[in-house]
Amino acid sequence: MIPKEQRVAIGKEIVDGLISPIEASKKYGISRTSAQKYATDYRRANGLPVKSHLPQCHFFRFRRLPLYV
């Protein structure tokens, strides 16, 4: 398990744009999703906006198509 101080440092590097989550995963031997989580945790801890993978509009996701076209 990685100590909290190192997780914060990894998250800061990713948020500052010094390395990408993929580069962090290779450099520190962690998964890409862990690197992304460290960046998200860093953003939340420092009051920065958290990036979402969801689209801004869910219109096309929930739109029902007609049965017969």
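Suppose we filter the range 29-38 for residues that are open to solvent by 60 Å² or more (accessible area, probe 1.4 Å) and at negative phi; how many remain? Working first, answer last.
From the range 29-38, those open to solvent by 60 Å² or more (accessible area, probe 1.4 Å) are 29, 32-33, 36-37; that's our starting set.
If we keep only those that are at negative phi as well, we get 32-33, 36-37.
Residues in the range 29-38 being open to solvent by 60 Å² or more (accessible area, probe 1.4 Å) and at negative phi: 4 in total.
Do you know which of the residues in the range 4-28 that are open to solvent by less than 70 Å² (accessible area, probe 1.4 Å) and not in a helix (DSSP H, G or I) is farthest from K51 (Cα to Cα)?
I19
The values are calculated or read from the model by the stated rules, or taken from the named source; none is laboratory data. Worth saying up front: this structure is predicted, and the values here are computed from it rather than measured. For the accessible areas, the whole protein counts, side chains as well, though only heavy atoms, and no ligand, DNA or RNA atoms are used. Shrake-Rupley method; radii C 1.70, N 1.55, O 1.52, S 1.80 Å.
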